Amino acid sequence: MEVAGPWTEVFEGSERTEESGGADSLLGSSTLTLAPLVSDSPSIRRSQPIFITSNRYDRGGDSSSLSSSVPSIPNPFPELCSPSKSPVLISSCSPSTSDKHLIKVYGEDSHSRSVWVSSGATAREVCHLLVQTAHCSDQENWALLEVHPTLGLERCLEDHEVVLKVQATWSLKGDTRFMFCKNYAKYEFFRKPMLFFPESMISDSADVSKGMTSAELIQNLLRSGTCPEIQGFLHVKESSRKTWKKVYFFLRRSGLYCSTKGSSKEPRHLQCVADLEDLNVYTVVNSRKLYGAPADFTFCIKVTTSSGSDLKILCAENEQTRTCWTSAFRLFKYGKQLQCNYQLSNLGIEASLVAMDFSGKAGGRVIQNPTEAQSAEREEGQAWRRREALRCSLPNLNSNTRPSSIHKTQPWFHGGVSRKEAQRLIEKQGLVDGMFLIRDSQQHAQCFVLSLCYKLKTKHYLVIPCEEGGRKYFTMDDGLTLFIDLLQLVEFHQINKGILPVCLKHPCVCVAL
């Protein structure tokens, strides 16, 4: 039978009859007939789509019945629905417990990760959570930074600080964020106090401190008992003016004071600048450009609830002076709590650093005798030298067959970063002795630069390629010591100082979240 025109299938249960080729026929219980498609067919209810117009809520009808009939679908991409640059994400798929909150944390590569945290989660707990989710190789020396990009301010959160309380003080219109990175210098002043607190900046004005040596004053300061004063000249940016003025400051347990007459300590010449309980101390990035600072060693004291208009910008003469002031601020404000944080941070490290002997047949054993441990360390160093000597003597190790790009996979290699950026990375992760990175030289082709931190300063050493016996090597001492690649150079200087002032200890790494 020939059929013309549009048709649709009508199954049993339909009460409609149609014409086909001029013949009328009724649908039986098991009969299938083709019927023309009619646009106004109200009786056909099965398998019909529901058409929803864009102005369905503007017709005056009740939209609640329609929305309630449609099941809610959780949003799998909450970050796409959040306000621009918002530190808190809006998510439709939240955990079952109302105690959880979503925060966004950035890595040093500008990528971010969203994590659920409890309302009382501390910075230490959030760092451990990020270590697990980002699959970091080690568990310690991680920190959560509070960063104000527009203001150029950064500070490391203390381990005991509650993350959501810190976030609650931020302005909703600002670009403040959390950043996850390494910080080896968080408690370095407990290990090397004399480096962080010069004698010239320690004052024994308190009666109970008179007669004490400088070392004893520093120990009292670290124990957060009777605290001496921290004193010295700082450049301060005057409010509503672009000029900087050199003023003598005193830091006491009660707060920060400045002298209106030289370095006089008389009460009538002292003026209270800030109370320690209501402020935080930040380091300032790019302070010359942002604030016209006379030097790069700038820090800032900021009231916790302020929006940034009443910042007190201070500038020191050198890095040691700035570090002394910022460390003293932390110690005076948190006292014993910092020492507790330091002890907790050492629990995992002390438990993992033990000397082991695996030479026996019964498995490894812990070496308890310190003399035996030193002997085992020397033997391991000699074995390493023998392995490297064998590695260098292997045939066909020319520049074409050797994997010369093996250094690009190492965490301490940072490619073509500039000298200034390398110093900033090391400064952010802690100015501790032995922190290092290797980068491409921007001034010498095919050369590299080893950037190393020593005594709160970053030093740079040129790594030059050379050839000997038809083979390519790298050297830092005009060919006296040769290395077949950068990996061997780093491994050697992790055991031997060589021409460096200190062994390589902490690689400066960037974590991608």
For segment 407-507, with only Lys/Arg (+1) and Asp/Glu (-1) charged at the beta-carbon, what is the dipole magnitude about the Cα centre, in debye rounded to 20? 440
Protein-only accessible surface order, largest first, of R365, R268, R177 at 1.4 Å: R268, R365, R177
At a 1.4 Å probe radius, which order do I313, I499 fall into by accessible area, largest first? I499, I313
If the limit is 26 Å between Cα atoms, which of K246/K336; K336/K459; K100/K428; K237/K333; K104/K237 go over it? K246/K336; K336/K459; K100/K428; K104/K237
Using the Cβ atoms and a cut-off under 15 Å, what net charge is assigned to the surroundings of P501, where Lys and Arg are +1 and Asp and Glu are -1? +4
So what J values fall out for segment 150-166 if you push phi through Karplus, 6.51 cos²θ - 1.76 cosθ + 1.60 with θ = phi - 60°, rounded to Hz, Gly and Pro as x? 5, 7, x, 10, 9, 8, 8, 5, 6, 4, 8, 6, 7, 5, 5, 5, 5
So if each residue of separation counts as 0.36 nm, and I subtract the Cα-Cα distance between Q368 and N318, what length gain in nm does that give? 13.7 nm
Between M194 and K261, with labels modelled 7 Å along Cα→Cβ, what's the label distance in nm to one decimal, could you check? 3.8
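Which value, in Å³ per residue, describes the convex hull spanned by the Cα atoms of segment 100-184?
97
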Leaving ligands and nucleic acids out of the surface, order K333, K265 by accessible area at 1.4 Å, largest first. K265, K333
Using label points projected 7 Å from each Cα along Cα→Cβ, tell me how many nm separate A445 and L480, to one decimal. 3.0
Taking Cα atoms of segment 407-507, Rg/Rh with Kirkwood Rh, to two decimals? 0.95
For segment 100-184: accessible area per residue (Å², 1.4 Å): 42
Segment 398-472 - percent of accessible surface contributed by carbon and sulfur, probe 1.4 Å: 45
Scan around F297 for amide H atoms under 5 Å from its own, H built in the peptide plane at 1.01 Å from N, and keep only partners 5 or more places away or cross-chain. A316
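Using a Förster distance of 60 Å, how high is the FRET efficiency between E467 and R268, based on the Cβ-Cβ distance and rounded to 0.05?
After rounding, the FRET efficiency stands at 0.25.
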Counting only backbone N atoms under 16 Å from a point 7 Å out along Cα-to-Cβ of R113, the residues of segment 132-148 in range are 132-145
Point-to-point label distance, A168-C503, nm (Cα→Cβ direction, 7 Å offset): 4.7
Using θ = phi - 60° and the Karplus relation 6.51 cos²θ - 1.76 cosθ + 1.60, list the HN-Hα couplings for segment 480-485 in order, rounded to whole Hz, with x at every Gly or Pro. 5, 10, 10, 10, 6, 7
Mind grabbing the accessible area of H407 for me, 1.4 Å probe, Å², rounded to tens? 10
Mind listing the phi-derived Karplus ³J(HN,Hα) values for segment 262-274, rounded to whole Hz, using 6.51, -1.76 and 1.60 with θ = phi - 60°, and x for any glycine or proline? x, 10, 5, 9, 4, x, 6, 9, 8, 10, 6, 9, 7
Carbon-plus-sulfur fraction of the accessible area of segment 100-184, 1.4 Å probe, in percent? 50
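The values are calculated or read from the model by the stated rules, or taken from the named source; none is laboratory data. Just so it is clear, the model here is predicted, and its values are computed rather than measured. Every residue, glycine as well, gets a Cβ built from its backbone with ideal geometry; the counts of neighbours run over all protein chains shown. We work out accessible area using only protein heavy atoms, side chains counted, and drop any ligands, DNA or RNA first. Shrake-Rupley method; radii C 1.70, N 1.55, O 1.52, S 1.80 Å.
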